[in-house]
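Readers should treat all values here as calculations from the given coordinates under stated rules, not as data from a laboratory. Just so you know, these numbers come straight off a predicted model, no measurement behind them. Positions of Cβ are generated from backbone atoms using ideal geometry, with glycine treated the same way; all protein chains shown enter the neighbour counts.
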Amino acid sequence: MMAAVRADLSKRLVPDELWELVAPPLPSFAARPQGGGTAPRDEREVFTAVAYILTSGCAWRYLPESFGVSPATAHRRFSV
């Protein structure tokens, strides 16, 4: 159920046309040579969360859990 909500939210806030423009210049992340760490998040989910924060005026710490991305992850990716 939650995945369906995230997919719908992602499509509304970041339509396919916008994602096609935004995705190519986003930095890619390679696996860490020493291994470990957390699995990478879906790039579109992270971008959707950042777009929500920037357009709504919501504080990073109040990012709704329905985005499936932690506020720290969204902020870190925004800062890159």
What's the ranking of 43-52, 71-80 by average number of surrounding C-beta atoms within 10 Å, highest first?
43-52, 71-80
Computed ³J(HN,Hα) along region 17-28: with the Karplus parameters 6.51/-1.76/1.60, θ = phi - 60°, integer Hz and x for glycine or proline, the list is 4, 5, 4, 4, 7, 7, 4, x, x, 5, x, 8
In whole Hz and in residue order, list the ³J(HN,Hα) couplings for region 46-53 that follow from phi through the Karplus curve 6.51 cos²θ - 1.76 cosθ + 1.60, θ = phi - 60°; x for Gly and Pro.
5, 5, 4, 4, 5, 4, 4, 4
Degrees, to the nearest 10: 2-13 long Cα axis against longest axis of the chain
70
In nanometres, the difference between 0.36 nm per residue of separation and the alpha-carbon distance of A72 and A30 is 13.2 nm
Have a look at L63, L26, L13 and tell me which one the Gaussian network model of the chain (Cα, springs below 10 Å) gives the largest fluctuation.
L26
Apply the Karplus curve 6.51 cos²θ - 1.76 cosθ + 1.60, θ = phi - 60°, to the phi angles in region 68-80 and return the couplings in whole Hz, x for Gly and Pro.
x, 10, 6, x, 5, 5, 4, 5, 4, 5, 5, 7, 5
Which residue, G68, G35, G57, tops the fluctuation ranking in a GNM of the chain built on C-alpha contacts under 10 Å?
G35
Starting from the 7 Å offset along Cα-to-Cβ, what nm value, one decimal, do you get for the label separation of K11 and A39?
2.3
Quick one: grab Rg to one decimal and Dmax as a whole number for the chain, Cα atoms only, in Å.
13.0, 38
